[in-house]
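Before any comments, here is the structure.
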Amino acid sequence: MASSSKEPISNPPIPNDDDEEEDDYEEIDEDDEEEEERERRPVTEESRVRSDRAKMENLFRRLSSERVPIRVHDVIIQGNTKTKESLIEAEMEALKSATTLQELLKAASIANARLQQLDIFDSVKITLDSGPPELPGTTNVVVEIVESENPLTGSVGVFSKPEARAWSLEGSLKLKNLFGYGDIWDGSLAYGLDLTSEVSAGVSLPRFKKLITPVTARLSLLSQDWLKFSSYKERALGLSLGLLSSRSHDLSYSLAWRTLADPSQMSSKAVRRQLGHSLISALKYTFKIDRRNSPLRPTRGYAFLSSSQIGGILPDHRGLRFLRQELDFRYALPLGFYNAAFNIGISAGVTVPWGSGFLSRPTNLPEKFFLGGNCSPVCALGGPSSLLGFKTRGLGPAEHRRQVTENSTDESSDASSAMDFVGGDLAVTAFADLSFDLPLRVLREAGIHGHAFACTGSLNKLTENAYKDLSLQKFKESFRASAGFGVIVPTKLFRMEVNYCYILKQQEHDRGKTGVQFNFSSSF
C-alpha cells in the first residue's frame with residue numbers, strides 16, 4: 001500500500017515588529033515631509049487674513065461666552081520725556097483693580113480717553129503684553145505716548161455768549177505742559193459787538209495733590225457797556241477758582257472788585273443809587289444733565305440744569321449779599337416723519353439779597369435777570385434769558401431816565417429809548433419749537449431745515465417790598481409772547497436762524513418788533 005506523503009502544516013506567519021516600526025517611521029517621515037513642504041510654501045495674504053479672522057472670532061466668542069481671568073502685573077510708560085509718570089499712573093489706577101480681561105479692556109479704553117482729554121499728547125496707545133512666564137494669568141500694560149511737539153498753540157474765532165446775549169471775537173494762546181504736570185497756561189482777549197471786552201489769564205491742572213478732579217484758576221478784567229439799555233458801564237477785576245468739575249457737577253468760587261459808572265449822567269434813579277464800587281465773593285454750584293442727541297438740533301432726549309449761587313461769603317461791608325437760583329428743563333420728542341421733532345422747554349430763576357430786611361432792599365443790577373436778545377432758546381441751557389422777537393434787555397421793569405431839555409420836544413424819538421431797563425428778581429420763560437426737514441435734497445444734505453416756534457416770558461420785581469403787590473392776576477398779565485417761523489443754517493460752531501417773529505403780547509415800554517430777526521446760537 002502506497003503511502004501518501006503529507007506535507008507538514010506550517011505555523012501561521014508571525015508579524016515582525018521591526019517591519020511595523022519601519023512602516024510607521026516611513027509614514028511619520030512622509031508627514032514631516034508634507035509639513036515641511038507646507039512650511040516652505042509661501043503664505044498668501046488671503047490665508048493670513050483668514051487665519052487672523054478665525055483667531056479673532058475665536059477670541060470674541062470666548063469673551064462673549066465666558067469671563068477670562070487676568071491680573072495686571074505692571075504698567076510700563078514709554079515716550080514721556082517731560083510729563084511726570086505720576087500724572088499718567090493716576091489715570092491708570094482703574095486698570096490695576098481689573099480681575100477679568102473684559103474689565104481690563106473697558107478700563108483701558110476709559111484711561112485712553114482721559115489721557116487724550118488732557119490735551120497735551122499728540123497720540124496715546126495702550127497695549128496689553130504678556131506678563132512674566134513664572135506668573136501665568138498676568139499681563140503688562142504698555143502705555144505709549146507722543147508728547148506735543150509744539151507746546152504753544154493759538155486760536156481765533158467768533159463765539160456766542162448766551163449769558164451776555166451777544167457775540168464776541170476772541171483770540172487765545174495756550175502753553176501746554178510747562179512743568180510736566182499736565183498744566184495748561186493760557187491768555188485770552190475778547191471783544192464783543194456790544195462793546196464788551198475781556199482780558200484774562202489762567203491755569204488749569206488735571207490733578208492737584210490728592211484731588212481727582214481738575215483745578216482751575218483765572219484772573220480776568222471784564223468791561224461791559226450797558227449804556228444803551230440800562231445807562232451804566234460795568235468793569236470787574238476778579239479771580240475765579242474751579243474747585244470741582246465733572247460730567248454733571250461744577251463748583252467754583254469767584255472774588256471780584258466791581259465798578260458801575262454812568263458817563264452819560266442820564267441814568268434813572270434806580271441805576272444811580274447803585275453806582276460805585278462793590279466786592280463780590282460768591283460760591284456757585286451747577287448740576288447739569290444733557291441727554292439730547294445734539295445741542296444744536298435736538299430730535300430726542302432731555303436736559304436739565306440747576307444753578308445755585310450765594311454771594312457775600314467774605315465778611316466785608318462792601319460785599320454784596322445775594323442768593324440766586326436757576327432751573328432749566330428741555331425735552332425733545334421725535335415725530336417720525338421728515339426728521340421732525342417737537343422741543344419744549346421751561347426756565348425759571350429767582351434772585352434776592354440775604355440778611356435782615358432783605359426784601360426791603362434792592363437787588364444789585366448785574367445779579368438781576370434780563371430777557372430778550374438774539375440767542376435761540378432751543379440751544380441755550382443756562383436759565384431764563386431768550387425771548388424771540390424782543391431786543392437785548394428789551395422787556396421787564398423799567399424806569400425813566402433823566403430828561404434833557406433840548407430833546408424833550410423831539411416827538412419822533414422812541415419812548416423806550418428814554419427808559420432804563422433795570423431787570424427783575426423773578427423770571428420765567430417757556431417755548432415750544434417744531435423743527436422739520438425741507439423738501440429740497442440739497443438743503444437736507446447741508447443740514448438746513450425749517451422750524452415754527454412760540455415763546456413766552458415774564459419778568460417781575462420782588463425786592464423793595466414789591467412782592468406785596470404781585471398777585472396771581474398781575475403775574476399772569478406780566479407774560480409777553482411771540483410766535484413765528486424760520487430757516488435754520490447749522491455749522492460746526494453755531495447755528496444761524498433767519499426768523500419771522502410776530503409779537504403776540506407786549507407792554508408799553510417793551511422793545512419788541514414784528515418782522516425778520518437774525519439769531520445766532522452755540523452750544524458752548
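Listed values, structure above:
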| read-out | value |
| --- | --- |
| Debye log10 I(q)/I(0) for the range 307-369, one point scatterer per Cα, at q = 0.20, 0.21 Å⁻¹ | -0.81, -0.86 |
| Spin-label model distance (nm) - Val146 vs Thr100, 7 Å beyond Cα toward Cβ | 3.5 nm |
| Exposure rank, largest accessible area first [Asp433, Asp225; 1.4 Å] | Asp225, Asp433 |
| Ranking by accessible area, most exposed first, for Leu222, Leu105, Leu95 with a 1.4 Å probe | Leu105, Leu222, Leu95 |
| Heavy atoms of Phe431 accessible to a 1.4 Å probe, total area in Å² rounded to 10 | 20 Å² |
| Along each principal axis, Cα extent of the range 434-524, largest first, Å | 57, 28, 20 |
| Convex hull of Cα atoms in the range 245-316, direction-averaged projection (nm²) | 8.0 nm² |
| Ile346 versus Arg67: modelled label distance in nm, points set 7 Å from Cα along the beta carbon direction | 4.5 nm |
| P(r) tail fraction, the range 326-400 - alpha-carbon pairs more than 18 Å apart, % | 56 percent |
| Heavy atoms of Lys288 accessible to a 1.4 Å probe, total area in Å² rounded to 10 | 80 Å² |
| Where labels lie 7 Å past Cα in the beta-carbon direction, separation of Asp122 and Tyr285 in nm | 4.4 nm |
| Fully extended contour minus Cα-Cα distance, from Leu333 to Ser306, at 0.36 nm per residue | 7.5 nm |
| Cβ-Cβ FRET estimate between Leu472 and Val442, R0 fixed at 60 Å, reported to 0.05 | 0.70 |
| Accessible surface, 1.4 Å probe, highest first, among residues Arg401, Arg247, Arg361 | Arg247, Arg361, Arg401 |
| Cut-off under 5 Å, modelled amide H: who pairs with Ser294 long-range | Thr299, Arg300 |
| Principal axis dimensions, the range 222-363 - Cα atoms, whole angstrom, descending | 57, 35, 30 |
| Full-stretch length increase - Lys269, Lys84 - with 0.36 nm per residue and alpha-carbon distance subtracted | 60.8 nm |
| Filtered trypsin sites (Lys or Arg not before Pro), the range 352-395: DSSP coil and at most 12 other beta carbons within 10 Å | none |
| Added length on full extension, which subtracts the Cα-Cα distance from 0.36 nm per residue, Ala432 to Ala452 | 6.4 nm |
| Carbon plus sulfur fraction of accessible area for the range 363-516, probe 1.4 Å, in percent | 56 percent |
| Phi to ³J(HN,Hα) by Karplus 6.51 cos²θ - 1.76 cosθ + 1.60 over the range 98-110, Hz, x for Gly, Pro | 6, 10, 10, 5, 5, 5, 5, 5, 5, 5, 5, 5, 5 |
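The values are calculated or read from the model by the stated rules, or taken from the named source; none is laboratory data. Since the model is a prediction, treat every value here as computed from it, not as a measurement. Virtual Cβ from ideal backbone geometry, glycine too; neighbours counted across all protein chains shown. Just the protein is used for accessible areas: all its heavy atoms, side chains included, with ligands, DNA and RNA removed. Shrake-Rupley method; radii C 1.70, N 1.55, O 1.52, S 1.80 Å.
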